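This report concerns only the one structure given below.
The values are calculated or read from the model by the stated rules, or taken from the named source; none is laboratory data. Predicted model only: the values in this text are computed from it and were never measured. Note that we place each Cβ from the backbone using ideal geometry, even for glycine, and neighbour counts take in every protein chain shown. Quick note on the areas: whole protein, heavy atoms, side chains included, nothing else; ligands and nucleic acids left out. Shrake-Rupley method; radii C 1.70, N 1.55, O 1.52, S 1.80 Å.
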Amino acid sequence: MPVISTPHAFNEGQLYVDLKSIFGRSLYLKCEGFNFAGSIKLKAAIEMVEAAERDGLLSPDSVLIESSSGNLGVALSMIAASKGYRFLCVTDSRCNLSTRLLMEALGSEVHIIADLDANGGFLGARIDYVRALCASDDRYVWLSQYTNPGNWGAHYRRTAPEIAHQFPHLDVLFIGAGTTGTLMGCARWFREWHRPVRIVAVDTVGSVAFGGEPGRRMIPGLGMSMRPPLLDESYVDEVVRVEEADTIRACHRLARRGFLFGGSTGTVVSGAMEWLARHEAAGLTAVAIAPDLGERYLDTIYQTTWLQDLYGDGILGSGQDSASASDAGRGSDADADADAGSGSGSGSGSGSGSEEVTAGSRGAERMPRTSGHRRKT
């Protein structure tokens, strides 16, 4: 039994769920929510904070500041509390109430941005707010998850090797795309591995991370209203875009079997199942990364009134019949909601649900050398 003295010392990284009995296709889901921060963001958070400490950016009077839709904010709140730093999280109105309360319970300050940016999202406005605070007071230290190489470095050093150790014959890896830290860290590591692994990025419809038109996105976690600075598409083989309705159906389908996962996981599972349905998946070893668990989404994607107000009365009920018919046709014993990928689209009108990103189409972008941002006096 492990004995720890700091909360970030515990992070279970080798738990997988085989989804075949639920979705009718074999997919191993790597569960990253079993730590005291409750999500995969703990890895990037501790990497970035410790890099800032090594670089001499943090002092006893420093105030960590970061823009986050939720999970990174919780992870940084936990680390700040453990290490004795103050932390200010800049988020927006899509952040779940339970997540905001959790950050405050850990001693952090939370500022909520309500103004949309030019792309119809909150990210630009959040970043502008952070920059203004950093310019006003040199105690603020901005880790900048969007440009910090520690974001992807954490997954290069930990997440990808964990997967390779468990699945030495891995064929395809599905990774949700937000800041693309997890995506780029894993993609870079597997590019250097002894066997080819197909890297499939899963994004949400309405995100502009890989191009396309911006649209409404109500579920925090994946997707960006700007191109992620860390993204290098030469490491990505395909992109699958998922409608939020399919994210919700996948989450509820998993919950009906006792697995309560977060919205990001629903998006990744939906996109992965859609991809596997279009490809000859027999014999393939496929893994998807589940960034978090579902408790923080009880007042949103698992709350009937919230779903009906945003997506209509048929968001779940209309999909159950099609799920049963689809599963019966392929011999699955799934019994809940619509096929997780049944409505996924690429947003380009192709109807295929994914787009090919040509390998080698972009050179490696220059990564910043600093581990954080601090106003110089």
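Might you check whether a residue that is under 20 Å from residue 146 (Cβ atoms), among the aliphatic types (A, V, I, L, M) and in a loop (DSSP other than H, G, I, E, B) occurs anywhere in region 192-213? So far as region 192-213 goes, yes, one or more of its residues are under 20 Å from residue 146 (Cβ atoms), among the aliphatic types (A, V, I, L, M) and in a loop (DSSP other than H, G, I, E, B). Annotation note: Cβ proximity below 7 Å between a residue of region 187-215 that is over 12 Å from residue 177 (Cβ atoms) and a residue that is assigned to a loop (DSSP other than H, G, I, E, B) and polar (S, T, N, Q) (sequence gap 6+ or interchain) occurs for 212/348; 214/119; 214/225. In this structure, residue 23 qualifies as of a type in the set (Phe, Trp, Tyr), in contact (Cβ under 8 Å) with a residue 40 or more places away in the chain, within 18 Å of residue 260 (Cα to Cα) and buried (at least 20 other Cβ atoms within 10 Å of the Cβ).
Residue count for region 294-306, restricted to those that are under 20 Å from residue 258 (Cβ atoms) and either among the charged types (D, E, K, R) or assigned to a helix (DSSP H, G or I) (or both): 4.
Quick test for you: out of 187, 160, 177, 201, pick the one residue that is open to solvent by less than 10 Å² (accessible area, probe 1.4 Å) and touching an Asp or Glu at 6+ places or on another chain (Cβ under 6 Å).
177
When 59, 26 are checked against the criterion of being closer than 23 Å to residue 87 by Cα and hydroxyl-bearing (Ser, Thr, Tyr), a single residue qualifies: 59.
Taking each residue of region 102-114 that is among the charged types (D, E, K, R) and looking for partners that are surrounded by 14 or more Cβ atoms within 10 Å (Cβ to Cβ) with beta-carbon atoms closer than 9 Å, six or more apart or interchain, yields 104/77; 104/110; 109/63; 109/86; 109/87; 109/88; 109/89; 109/103. Checking each residue in region 219-244 for being hydrophobic (A, V, I, L, M, F, W, C) and crowded, with 19+ Cβ neighbours inside 10 Å picks out 219, 222, 224, 230, 231, 236, 239, 240, 242. Criterion applied to 59, 77 was being surrounded by fewer than 17 Cβ atoms within 10 Å (Cβ to Cβ) and polar (S, T, N, Q), and the one residue passing it is 59. Put simply, of 18, 92 the only residue that is closer than 28 Å to residue 255 by Cα, of a type in the set (Asp, Glu) and either touching a Gly at 6+ places or on another chain (Cβ under 6 Å) or open to solvent by less than 50 Å² (accessible area, probe 1.4 Å) (or both) is 92.
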